[in-house]
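A short worksheet on the structure shown next.
The values are calculated or read from the model by the stated rules, or taken from the named source; none is laboratory data. All figures in this text were calculated on a predicted structure; none of them were measured in a lab. Note that each Cβ is placed from the backbone with ideal geometry, even for glycine, and that neighbours are counted across all protein chains shown.
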């Protein structure tokens, strides 16, 4: 598979939805793909040095729950933190790498990571809070690469 | 349109978001596409023999509601089941096929369905609970096909 | 970049998720792409003459909040409207165009906008409530264009 290209737009910033971009990017890179991930909207959270992502079952009835739980209960104070802790624990027990590790693997595999400048400005984010080695750009930067890519995914 | 290919990643497991993968897959197959759907994360729910999917308006202010309803009310016990019942009823009245039928159409049209082994392990899912005829694989399996596909969609 | 093509499926109908389709479509059009957006499911809301879209942090722990707020509070009456107002105000202050303007830019750049007939029927939507100049079609219409596109995105 010589010189294939994968373009990803990562737009979500929760613990669960943080996985697909990094898993797909690192897998493709391992397969020899040239990979570029454009982080925009809530996806910018995935670039912070210190990740503090949460997961919630609210609005996601597809999430497997250890036990059935009324929606109202899922909205109670502390519940989001508890679900986040449980998912992290489960992932660790199952040997799933943490997001930081997957991101590091991507960086080592020379996955290009681009932060959306417009979103950074909109949410007054501090570029110094992001990991090193990333670039900044706009939607045009995305298309420069995606226009030539074999696979493009909006996550 | 000879020998086109469509690669889908299906990641959501609610009643509403279960439709796009099966509608797009079956339509493309009918148009002569070779289609592969990789079910991962919450999307694994779509492969269960007995589907028990729900829909909620929580976190989705874009959902058309029969009448305006405060968010708090939408979180009340029983509300998710009621919304699920109402959507199913509406779809039936409008002649929209049930998810099981669409899935069956996909199987008959030789859409290849692949369950993400990592997610199965992570959520301790029972492979015997899935429909027959599916395969198991990983992200690399997805790229094998997607790398050659004309259209790739992350749903 | 001569004669590149971008195919988008726009499926979400909230204020925040209304931006990506129009930003990506207008940027690509400005770069010389031929662009087609297929509006389906909740994405149909984006075609209404008078947009009345909301945003919520419920179910989206990745949203940057001006201050931490328990999930339960986010579900209180009036909270969704307040968050919508705050996001609109912030976007205006930062010089981000309104959705209506971006949509107008797309129309001027000859982005083809197609409303999913099945969704219109399902939700009993009034075609007269949509902006002028759009077309109606189905999933097959989408593939007609996407099958030849350089970039396809499911948003």
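See the values below:
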quantity: Criterion (touching a strand residue (DSSP E or B) at 6+ places or on another chain (Cβ under 8 Å), crowded, with 18+ Cβ neighbours inside 10 Å and touching a residue at least 40 places away in the same chain (Cβ under 8 Å)) met by exactly one of A:99, A:44; calculated: A:44
quantity: Some residue of the range C:133-150 being touching a residue at least 60 places away in the same chain (Cβ under 8 Å), buried (at least 17 other Cβ atoms within 10 Å of the Cβ), within 17 Å of the chain's Cα centre (by Cα) and not in a helix (DSSP H, G or I); calculated: no
quantity: The range B:47-69: number of residues that are surrounded by 14 or more Cβ atoms within 10 Å (Cβ to Cβ) and in a loop (DSSP other than H, G, I, E, B); calculated: 13
quantity: Any chance residue B:18 is within 24 Å of residue B:139 (Cβ to Cβ) and in contact with a helix residue (DSSP H, G or I) (Cβ under 6 Å, 6 or more places away or on another chain); calculated: yes
quantity: Residue identified as under 30 Å from residue C:18 (Cα atoms) and either within 14 Å of chain C (Cβ to nearest Cβ) or under 10 Å from the mean Cα position of the chain (by Cα) (or both) among A:12, A:50; calculated: A:12
quantity: Residues satisfying the stated conditions in the range C:1-11, i.e. part of a loop (DSSP other than H, G, I, E, B) and crowded, with 22+ Cβ neighbours inside 10 Å; calculated: C:11
quantity: Number of the exception - residue C:23 against (1) crowded, with 19+ Cβ neighbours inside 10 Å; (2) more than 11 Å from chain A (Cβ to nearest Cβ); (3) at pLDDT 90 or above; calculated: (2)
quantity: Any hit, the range A:81-89, residues being surrounded by fewer than 16 Cβ atoms within 10 Å (Cβ to Cβ), in contact with a helix residue (DSSP H, G or I) (Cβ under 9 Å, 6 or more places away or on another chain) and more than 9 Å from chain B (Cβ to nearest Cβ); calculated: no
quantity: Qualifying residues in the range C:121-135 (those that are touching a strand residue (DSSP E or B) at 6+ places or on another chain (Cβ under 7 Å) and over 18 Å from residue C:35 (Cα atoms)) - the one nearest to the other protein chains (Cβ to nearest Cβ); calculated: C:129
quantity: Restricting the range C:143-155 to residues that are touching a helix residue (DSSP H, G or I) at 6+ places or on another chain (Cβ under 8 Å) and at the interface with chain B (Cβ under 9 Å from one of its Cβ atoms), the residue that is farthest from residue A:139 (Cα to Cα); calculated: C:143
quantity: The range C:66-81 residues that are more than 15 Å from residue A:74 (Cα to Cα), paired with ones that are modelled with pLDDT of 75 or more and outside any helix (DSSP H, G or I) (beta carbon under 7 Å, 6 or more apart); calculated: C:77/B:70; C:80/B:61; C:80/C:54; C:80/C:56
quantity: Given (1) modelled with pLDDT of 95 or more; (2) more than 8 Å from every other protein chain (Cβ to nearest Cβ); (3) surrounded by 18 or more Cβ atoms within 10 Å (Cβ to Cβ); (4) touching a helix residue (DSSP H, G or I) at 6+ places or on another chain (Cβ under 7 Å), number of the condition residue C:28 does not satisfy; calculated: (2)
quantity: Test: residue in the range C:107-120 that is at pLDDT 90 or above, within 25 Å of residue A:11 (Cβ to Cβ), crowded, with 19+ Cβ neighbours inside 10 Å and at the interface with chain A (Cβ under 9 Å from one of its Cβ atoms); calculated: no
quantity: Total residues in the range B:64-80, condition touching a helix residue (DSSP H, G or I) at 6+ places or on another chain (Cβ under 6 Å) and within 11 Å of chain C (Cβ to nearest Cβ); calculated: 2
quantity: Failed condition for residue B:102, given (1) within 26 Å of residue A:32 (Cβ to Cβ); (2) at pLDDT 95 or above; (3) in a helix (DSSP H, G or I); calculated: (1)
